[in-house]
1. Suppose we keep only residues that are outside any strand (DSSP E or B) and buried (at least 19 other Cβ atoms within 10 Å of the Cβ) within segment 120-135. Which one would you say is modelled with the lowest pLDDT?
2. Can you go through Ala13, Ala58, Ala36, Ala81 and tell me which one is surrounded by 10 or more Cβ atoms within 10 Å (Cβ to Cβ) and modelled with pLDDT under 80?
3. Give Ala62, Ala95, Ala90 a once-over and let me know the one that is closer than 17 Å to Thr112 by Cα and in a loop (DSSP other than H, G, I, E, B).
4. Can you find a residue that is part of a strand (DSSP E or B), more than 20 Å from the chain's Cα centre (by Cα) and either surrounded by 14 or more Cβ atoms within 10 Å (Cβ to Cβ) or of a type in the set (S, T, N, Q) (or both) anywhere in segment 100-119?
Amino acid sequence: MTPHATDADGLEARGQGEGGFALIEILVSVTILGIAFVAILGGMATATNTSELHRQQAQVDAVLVSAVERVKALDGGVPCALATDPTYLAAAREALPVSGDPADPDHWGDSTLEITEIKYWNGLEYIPDVVACEAVHAEPQPLLALQEITLQVTHPRGRESNSLTFVKDVGSGVLPEASP
């Protein structure tokens, strides 16, 4: 048996052939690995949330564009319509994806799509007042029969919402003649 060397305090020193790690080295290594693991896990969670958010944005945008196209495709229109007009709402809601279970968190109910505003062209500007619209329609003057309609779609989970404003020709006005 070989005698072990001792240091100045009388403690045994490591021998030349005894390789190993001290407790502090192991603790530092485990701490570094733990921090790296938490950082990687946090990055993965962020990537998953971002992916879900982008999926919802894409769904909202697709439904919104489809709803706008359906309202624009209606023959004629409703002169001096209100934002709650059933003709426009019914056409727009045809664009909502169909899901069977209303309890499903991704169920696109009627409340996910709304017409937030309808303005009316009076020949100079869009006016938001339906009474003024009716007055313009009652007067015998050239009228551009245009409505500026704003549709808003909200994802069923409520995180994403988007709106789009477009112009619809209701076809009941008289276009002014072009100047020579």
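1. As a first pass, look at segment 120-135 and keep what is outside any strand (DSSP E or B): 122-125, 128-135.
Restricting the remaining residues to those that are buried (at least 19 other Cβ atoms within 10 Å of the Cβ) gives 122, 133.
Numbers: Asn122: 76, Cys133: 67.
Among them, the one singled out is Cys133.
2. Ala13
3. Numbers: Ala62 fails: in a loop (DSSP other than H, G, I, E, B); Ala90 fails: in a loop (DSSP other than H, G, I, E, B).
It is Ala95.
4. Looking for residues that are part of a strand (DSSP E or B), more than 20 Å from the chain's Cα centre (by Cα) and either surrounded by 14 or more Cβ atoms within 10 Å (Cβ to Cβ) or of a type in the set (S, T, N, Q) (or both), one finds at least one in segment 100-119, hence yes.
The values are calculated or read from the model by the stated rules, or taken from the named source; none is laboratory data. Given the structure is predicted, the values throughout are model-derived calculations rather than measurements. Backbone-built Cβ (ideal geometry, glycine too); neighbour counts: all protein chains shown.
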